[in-house]
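Novice: Handing you this structure, nothing more for now.
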Amino acid sequence: HYSDEEWSSVDTMAQLLKLAAGQLWTVFNEQGEADFVEVAQRALLALGDADAPSDLALKLDYRIQHLLVDEFQDPSPTQVQLLQRLTAGWQTDDGRTLFCVGDPMQSVYRFRKADVGLFLRAAEVGIGSITLQRLRLCRNNRSCEAVVSWVNHSFASVFPLRDNAIAGAIEYRKFVAAREPLDGAEVRVEALV
């Protein structure tokens, strides 16, 4: 519960934010520039909406056969909306594919409105009408077995016990070393003061 004075402050800040957004839009137009958020918002506007897709959305529906989204552990709500609009007319088994790649343990957590919970929900229920087949890769091709075992042991207790899309919590996913063990390989932690 907020007091009348607190609600007045909220209202004042809301008005200030509208003015600031308008000023930012003016600067973008004057300088012919845009930031990441503005580009994503303009892309959404260019596609129209589900009830009234734009000519561009209809044209892309006929042209796009396959979408590959890399680093999908960090989708923003706007990016998920873009994917929903781009795939809105797709039907199961019509030959079109949506391929999303991401490692939720590498999420940057809220950078540019990134939400790893959106990754978890997409893996669980899909994006729009597109159901995704979830594949979990666990092979580490870079590090020897001693390093992989140490990381698995050390980080399993640091991460949450289970995924939670709402909280943006990711459980640790263990890796398996693909490289041959190295004689004498070990991990040592030394404190430097």
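The values are calculated or read from the model by the stated rules, or taken from the named source; none is laboratory data. From a predicted model like this one, the values you see are computed outputs, not experimental measurements. Note that each Cβ is placed from the backbone with ideal geometry, even for glycine, and that neighbours are counted across all protein chains shown. Heads up: the accessible areas ignore ligands, DNA and RNA and are worked out on the full protein's heavy atoms, side chains in. Shrake-Rupley method; radii C 1.70, N 1.55, O 1.52, S 1.80 Å.
For (1) open to solvent by less than 60 Å² (accessible area, probe 1.4 Å); (2) under 18 Å from Gly128 (Cβ atoms); (3) among the aromatic types (Phe, Trp, Tyr); (4) at pLDDT 90 or above, each residue gets a yes or a no:
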{"site": "Ser3", "(1), (2), (3), (4)": "yes, no, no, yes"}
{"site": "Trp7", "(1), (2), (3), (4)": "no, no, yes, yes"}
{"site": "Lys18", "(1), (2), (3), (4)": "no, no, no, yes"}
{"site": "Leu56", "(1), (2), (3), (4)": "no, yes, no, yes"}
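Novice: If you take the residues of region 104-124 that are over 10 Å from the mean Cα position of the chain (by Cα) and surrounded by fewer than 19 Cβ atoms within 10 Å (Cβ to Cβ), which of them is nearest to Arg173 (Cα to Cα)?
Specialist: Met105
Novice: Determine whether region 125-137 contains at least one residue that is open to solvent by 80 Å² or more (accessible area, probe 1.4 Å) and either touching a residue at least 60 places away in the same chain (Cβ under 8 Å) or in contact with a Lys or Arg (Cβ under 8 Å, 6 or more places away or on another chain) (or both).
Specialist: Within region 125-137 (the criterion being open to solvent by 80 Å² or more (accessible area, probe 1.4 Å) and either touching a residue at least 60 places away in the same chain (Cβ under 8 Å) or in contact with a Lys or Arg (Cβ under 8 Å, 6 or more places away or on another chain) (or both)), the answer is yes, since at least one residue qualifies.
Novice: Scanning region 147-170 for residues that are of a type in the set (A, V, I, L, M) and under 15 Å from Asp103 (Cα atoms), which turns out least open to solvent (accessible area, probe 1.4 Å)?
Specialist: For region 147-170, the residue satisfying everything is Ile170.
Novice: Given the criteria closer than 30 Å to Asp183 by Cβ and either in contact with a Phe, Trp or Tyr (Cβ under 8 Å, 6 or more places away or on another chain) or not in a helix (DSSP H, G or I) (or both), does Arg136 qualify?
Specialist: The answer is no for Arg136.
Novice: How about region 88-100: which of its residues are among the aliphatic types (A, V, I, L, M) and open to solvent by less than 60 Å² (accessible area, probe 1.4 Å)?
Specialist: Of everything in region 88-100, just one residue is among the aliphatic types (A, V, I, L, M) and open to solvent by less than 60 Å² (accessible area, probe 1.4 Å), namely Leu98.
Novice: Enumerate the helices (runs of 4 or more DSSP H) found wholly within region 34-114, keeping only those where 1 or more residues are touching a residue at least 40 places away in the same chain (Cβ under 8 Å) and more than 21 Å from Arg136 (Cα to Cα).
Specialist: Qualifying helices (runs of 4 or more DSSP H): 36-47, 77-86.
Novice: Now, a different point. Tally the residues that are open to solvent by 70 Å² or more (accessible area, probe 1.4 Å) and either charged (D, E, K, R) or in contact with a helix residue (DSSP H, G or I) (Cβ under 7 Å, 6 or more places away or on another chain) (or both), restricting the search to region 20-36.
Specialist: Looking only at that region, the number is 3.
Novice: Another question about this same structure. When region 171-193 is examined, which residues are found to be open to solvent by less than 100 Å² (accessible area, probe 1.4 Å), within 20 Å of Cys138 (Cα to Cα) and at pLDDT 90 or above?
Specialist: Selection gives Glu171, Tyr172, Arg173, Phe175, Val176, Ala177, Ala178.
Novice: Still on this structure, I have one more. Does Glu145 qualify as being within 21 Å of Pro160 (Cα to Cα) and touching a residue at least 12 places away in the same chain (Cβ under 8 Å)?
Specialist: The answer is no for Glu145.
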